[in-house]
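The structure under discussion appears below in the form of structure tokens.
The values are calculated or read from the model by the stated rules, or taken from the named source; none is laboratory data. Everything numeric here is computed off the predicted structure, so don't read it as measured data. Cβ: placed from backbone, ideal geometry, glycine included. Neighbour counts: every protein chain shown. Surface accessibility is based on the protein's heavy atoms, side chains included, excluding ligands, DNA and RNA. Shrake-Rupley method; radii C 1.70, N 1.55, O 1.52, S 1.80 Å.
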Amino acid sequence: VLCPGQGTRDHPPAQAALRDRLLSTVVSCFKRHGAAAIDTPVLELRETLMGKYGEDTKLIYELQDQGGELLALRYDLTVPFARYLAMNKVTNMKRYHVAKVYRRDNPATTRGRYREFYQCDFDIAGQFDPMIPDAECLKIVHEILSDLQLGDFVIKVNDRRILNGVLAACGVPESKLIPACSTVDKLDKVPWEEVRSEMVGEKGLSPEAADCIGEYVQLHGGLDLIERLLQDPKLSQNKLAKEGLGDMKLLFEYLTLFGITEKVSFDLSLARGLDYYTGVIFEAVLLHQENEHVEEPVSVGSVAGGGRYDGLVGMFDPKGRKVPCVGVSIGIERIFSILEQRLEASGEKLRTTETQVLVVTPQKHLLATRLKLISELWDAGIKAEMLYKKDPKLLKQLQYCEDTGIPLAAIVGEQELADGVVKLRDVATRQEVRM
């Protein structure tokens with residue numbers, strides 16, 4: 001049997017139409033916030049991608065040597081964006097990019113994980129006053145998830161500086177910061193006991209350090225929690241944590257003005273796996289899906305994420321010039337699989353074409369009439385179809401409208417020709433008007 005490669009899939013018309021609808025919602029939000037679109041190649045130099053993703057570097061699709069060039073398929077849209085900014089010496093830009101990316105993952109296609117999938121990114125690059133662009137990124141996530149009506153969600157926010165500050169204050173040595181971080185990141189999936197035993201058993205932290213970390217990373221809340229931690233004797237000694245908490249307070253003040261704090265939670269366990277984040281990090285999670293047809297509620301996990309990465313552009317600049325950046329990526333595949341399940345459950349049929357009118361003739365020998373009329377409609381910018389038969393039966397033509405959801409039929413028979421009119425029929429109500 002011929003089928004596409006593992007972890008990839010074809011999209012038949014119904015799926016492509018749904019995806020189209022989804023992407024246009026996301027893109028219209030990006031445009032509403034003043035972003036310009038860019039595009040970058042699917043192929044990047046291998047060295048551009050290497051060493052930017054931490055443990056996930058092993059998932060990069062590398063290609064064979066092509067005449068002296070070692071290439072790889074892009075793994076995300078953020079690193080190519082940073083490369084683009086550095087290469088073109090751009091220091092200020094608000095951009096969005098919707099395109100496919102490639103990961104040599106073990107595909108769990110049931111959970112919407114693929115090796116080839118779309119990403120939808122919005123990023124703000126440039127030196128601005130603290131937390132204003134960061135707040136806008138969170139507002140965008142809130143707008144998109146509200147527009148798509150996916151049900152209840154929460155946007156978890158943390159800051160790499162706060163997390164690193166907590167780990168340092170609890171006595172974690174510099175060399176173990178990143179491994180400890182990736183363990184903390186598992187807290188949304190496994191209970192604290194398991195996280196603790198991995199810290200002590202595998203990552204070699206002392207039990208005291210682990211218990212100290214546990215006191216902090218299980219906290220979540222809002223402004224009140226930030227205020228409390230600013231007073232915390234251990235954390236206020238730590239420069240990084242203090243900076244991060246100060247910015248977090250500012251962020252929450254802006255989010256209050258945007259009116260979205262009821263969906264945002266300051267969550268000290270949020271770590272996000274990628275190495276390049278330097279400040280605020282966030283992740284939007286859908287809360288259990290209400291679905292009567294499924295026995296247990298599906299937690300689809302994260303549907304958007306992002307953060308601040310102030311050091312990435314500098315890695316590509318020969319002079320190491322930094323361009324601060326903050327951005328968000330919408331997890332379009334996960335959202336797509338939820339919408340798809342919903343559509344199936346509702347039994348609603350999604351139109352795969354946008355045809356407005358079918359040109360219909362009720363008698364024989366009128367093909368020329370249909371061709372002339374349909375040509376006029378096309379030239380006037382009207383989406384029109386006809387059946388590819390010389391003398392189709394009237395019922396067949398009307399049935400085609402029903403099957404494909406075409407709302408109108410333009411009927412021209414001998415009588416209409418004699419009177420110089422067209423009969424327009426509303427397919428659903430069967431009402432007709434002569435025009």
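Looking only at segment 47-66, how many residues end up being of a type outside the set (Lys, Arg) and modelled with pLDDT under 85?
Let us first name the residues in segment 47-66 that are of a type outside the set (Lys, Arg), namely 47-51, 53-57, 59-66.
Adding the requirement that they be modelled with pLDDT under 85 leaves 51, 53-57, 65-66.
The qualifying residues number 8.
Take LEU377 and tell me if it is part of a helix (DSSP H, G or I), without any contact (Cβ under 8 Å) to a residue 40 or more places away in the chain and of a type in the set (A, V, I, L, M, F, W, C). Show your work before the answer.
Details: part of a helix (DSSP H, G or I): yes; without any contact (Cβ under 8 Å) to a residue 40 or more places away in the chain: yes; of a type in the set (A, V, I, L, M, F, W, C): yes.
Answer is yes for this residue.
Within segment 356-368, track down each residue that is over 48 Å from the mean Cα position of the chain (by Cα) and in contact (Cβ under 8 Å) with a residue 12 or more places away in the chain. Break it down into steps so the answer makes sense when it comes.
Taking segment 356-368 first, the residues over 48 Å from the mean Cα position of the chain (by Cα) are 362-366, 368.
Result: PRO362, GLN363, LYS364, HIS365, LEU366.
Going through PHE117, PHE81 one at a time, which residue ends up being closer than 17 Å to ARG321 by Cα and either touching an Asp or Glu at 6+ places or on another chain (Cβ under 8 Å) or modelled with pLDDT under 90 (or both)? Explain how you work it out, then say what you get.
Working: PHE117 fails: closer than 17 Å to ARG321 by Cα.
One residue alone meets the criteria, PHE81.
Condition check ((1) at pLDDT 95 or above; (2) open to solvent by less than 50 Å² (accessible area, probe 1.4 Å)) across all residues:
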| residue | (1), (2) |
| --- | --- |
| GLU344 | no, no |
| GLU348 | no, no |
| THR355 | yes, yes |
| THR361 | yes, yes |
| LEU366 | yes, yes |
| THR369 | yes, yes |
| LYS372 | yes, no |
| LEU377 | yes, yes |
| LYS383 | yes, no |
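Looking at LEU18, is it surrounded by 11 or more Cβ atoms within 10 Å (Cβ to Cβ), under 19 Å from the mean Cα position of the chain (by Cα), assigned to a helix (DSSP H, G or I) and modelled with pLDDT of 90 or more? Don't jump to the end; show me each part of the working.
Numbers: surrounded by 11 or more Cβ atoms within 10 Å (Cβ to Cβ): yes; under 19 Å from the mean Cα position of the chain (by Cα): yes; assigned to a helix (DSSP H, G or I): yes; modelled with pLDDT of 90 or more: yes.
Taking the combined requirement at face value, the residue satisfies it.
Restricting attention to segment 56-93, which residues are under 30 Å from ASN106 (Cβ atoms), assigned to a loop (DSSP other than H, G, I, E, B), out of contact with any Ser or Thr (no Cβ under 8 Å at 6 or more places or on another chain) and touching a residue at least 40 places away in the same chain (Cβ under 8 Å)?
Going residue by residue through segment 56-93, those that are under 30 Å from ASN106 (Cβ atoms) are 56-66, 69-83.
Now narrow it down to the ones that are assigned to a loop (DSSP other than H, G, I, E, B): 60-61, 63-65, 70, 74-77.
Then keep just the ones that are out of contact with any Ser or Thr (no Cβ under 8 Å at 6 or more places or on another chain); that gives 60-61, 63-65, 70, 75.
ILE60, TYR61, listed by residue number.
If I filter segment 204-216 for residues that are open to solvent by 40 Å² or more (accessible area, probe 1.4 Å), part of a helix (DSSP H, G or I), touching a strand residue (DSSP E or B) at 6+ places or on another chain (Cβ under 8 Å) and in contact (Cβ under 8 Å) with a residue 12 or more places away in the chain, do I get at least one hit?
Looking through segment 204-216, none of the residues is open to solvent by 40 Å² or more (accessible area, probe 1.4 Å), part of a helix (DSSP H, G or I), touching a strand residue (DSSP E or B) at 6+ places or on another chain (Cβ under 8 Å) and in contact (Cβ under 8 Å) with a residue 12 or more places away in the chain.
Please list, ordered by first then second residue, the pairs with beta carbon atoms under 6 Å, 6 or more apart or interchain, first in segment 337-353 and under 17 Å from LEU23 (Cα atoms), second open to solvent by 60 Å² or more (accessible area, probe 1.4 Å) and among the hydrophobic types (A, V, I, L, M, F, W, C).
none
Taking the options THR278, THR261, name whichever one is farther than 29 Å from TYR53 by Cα and open to solvent by less than 60 Å² (accessible area, probe 1.4 Å). Lay out the reasoning, then the answer.
Numbers: THR278 fails: farther than 29 Å from TYR53 by Cα.
Exactly one of THR278, THR261 is farther than 29 Å from TYR53 by Cα and open to solvent by less than 60 Å² (accessible area, probe 1.4 Å), namely THR261.
With part of a strand (DSSP E or B) and either under 20 Å from the mean Cα position of the chain (by Cα) or in contact (Cβ under 8 Å) with a residue 12 or more places away in the chain (or both) as the only criterion, which of HIS97, HIS11 stands out? Spell out how you get there, then give the answer.
On the way: HIS11 fails: part of a strand (DSSP E or B).
Just a single option satisfies the conditions, and that option is HIS97.
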